[in-house]
1. Which one of the conditions (1) more than 23 Å from A:Y142 (Cβ to Cβ); (2) modelled with pLDDT under 95; (3) more than 9 Å from chain B (Cβ to nearest Cβ) does A:Q113 fail to meet, given that it meets all the rest?
2. Restricting attention to segment A:26-58, report how many residues are within 14 Å of chain B (Cβ to nearest Cβ) and within 14 Å of A:H96 (Cβ to Cβ).
3. Out of the residues in segment B:4-23 meeting the condition of being touching an Asp or Glu at 6+ places or on another chain (Cβ under 8 Å) and outside any helix (DSSP H, G or I), tell me which one is nearest to the other protein chains (Cβ to nearest Cβ).
4. Report yes if some residue within segment B:39-50 is under 20 Å from A:A44 (Cβ atoms), more than 8 Å from chain A (Cβ to nearest Cβ), in a helix (DSSP H, G or I) and modelled with pLDDT of 90 or more; otherwise report no.
5. Pairs only if they're at least six apart or on different chains, beta carbon under 8 angstrom, first in segment A:118-142 and more than 9 Å from chain B (Cβ to nearest Cβ), second modelled with pLDDT under 75 and exposed (fewer than 14 other Cβ atoms within 10 Å of the Cβ); list them, first residue then second.
6. Where the second residue is crowded, with 18+ Cβ neighbours inside 10 Å and part of a helix (DSSP H, G or I) and the first is within 9 Å of chain B (Cβ to nearest Cβ) and free of Cβ contacts under 8 Å to residues at least 24 places away in the same chain and lies in segment A:63-78, which pairs have Cβ atoms under 8 Å and are six or more apart or on separate chains?
7. List the helices (runs of 4 or more DSSP H) inside segment A:27-127, counting only whole elements, that have at least 1 residues being within 17 Å of the chain's Cα centre (by Cα) and surrounded by 15 or more Cβ atoms within 10 Å (Cβ to Cβ).
Amino acid sequence: MPGLAYFIYMYFSMSSYEKSDSSSAHYNDDISDIRKSLNGDGEAFRRIVERHQQHVSGIMWRFSRDPHHHKELVQDVFIETYTSLANYRPVAPFTHWLARIATRVGYKFWRRQARERKTPTLPIEDWDALENFPASEINPEYAAELLYRLLAQLPPRDRLVLTLRYVDGHSVAKTAELAGWTKIMVKVQTLRAKAKLRKLFEQTEKQQ
Amino acid sequence: MKNTDEFLNKLASRARLEKAPEVDIANGVLAALRRSVEEEASLLAPLAWIAGISVAVAITVAIFALTAWDALTSSLISLISEIPWGIL
């Protein structure tokens, strides 16, 4: 049960956030439903889930393209959200906090898969031909699947940094925030991951 | 592959256009949360029983110990009070 101090903190943080950014349309609904959920109102948490499930689905689709695993991952994100709800501080929109939880859940999933050695096979593609192919003619599903299987050949840390930086198109600062790393760590990890990817391309070219 | 960066950006720009599958997991999440609360309660129930029985046993032992101590101390006192008469 959250104390009075928590609600006072929520109230003041909320007013300061509203002044700084009014772009979050659901901000007030989120804050109100978070308070109610913390008081044991299940319906309030259902509203939170319904409001954000599509956004989380988009994030988790980068972590698993298997519909069954994907659905489970989205559920896991909201279960973890519920258990850590008392730790949410409304200094930033709820969606940012949710995205951090989603990234952590997805990363854990990749690490588990890497331990169990369940990585998708490397697509046999003519990379040079694809490089010269006009971007507008590449099917988005095909591009996403190809990238997913390509990055799956890398260790989870490299895969995470390239997914956040390239596939999601986040800045270094945003990537650092989502992964819980420092900006320098993100830059170093990106360089390392790209070097590994280059090596992978060279290996497949030799094999062809 | 000439430029890994350019290639990644090119594929990623297309991949971003892909729509993630629609999900409706609100019922599933609430059911899972309810299950975990129930599991927690079912794990705590035997512990609560053990704790209750332990308290009952502890209270009984304490009552017996007190009465035994009372009996023991009163007979000791009567024994000690007999000693001076015995000496005389």
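The values are calculated or read from the model by the stated rules, or taken from the named source; none is laboratory data. The model shown is predicted, which means the values in this text are computed figures rather than measured ones. Ideal geometry is used to build each Cβ from the backbone, glycine not excepted, and the neighbour counts take in all protein chains shown.
1. The number of the failed condition is (1).
2. 3
3. B:E18
4. From segment B:39-50, those under 20 Å from A:A44 (Cβ atoms) are none; that's our starting set.
No: segment B:39-50 contains no residue that is under 20 Å from A:A44 (Cβ atoms), more than 8 Å from chain A (Cβ to nearest Cβ), in a helix (DSSP H, G or I) and modelled with pLDDT of 90 or more.
5. From segment A:118-142, the pairs are A:I124/A:Q208; A:D126/A:Q208.
6. Going by the 8 Å Cβ cut-off, the qualifying pairs are A:H70/A:S57; A:H70/A:M60; A:V74/A:Q53; A:V74/A:V56; A:V74/A:S57; A:V74/A:M60; A:Q75/B:V29.
7. Where helices (runs of 4 or more DSSP H) fall fully within segment A:27-127 and carry at least 1 residues being within 17 Å of the chain's Cα centre (by Cα) and surrounded by 15 or more Cβ atoms within 10 Å (Cβ to Cβ), they are A:42-60, A:67-83, A:94-115.
Residue-by-condition table, conditions (1) in contact with a strand residue (DSSP E or B) (Cβ under 7 Å, 6 or more places away or on another chain); (2) closer than 24 Å to A:S64 by Cα; (3) away from chain B (no Cβ under 11 Å); (4) not aromatic (F, W, Y):
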| site | (1), (2), (3), (4) |
| --- | --- |
| A:A176 | no, yes, yes, yes |
| A:W181 | no, yes, yes, no |
| A:I184 | no, no, yes, yes |
| A:K187 | no, no, yes, yes |
| A:T190 | no, yes, no, yes |
| A:K194 | no, yes, no, yes |
| A:L197 | no, yes, no, yes |
| A:E202 | no, no, no, yes |
| A:K206 | no, no, yes, yes |
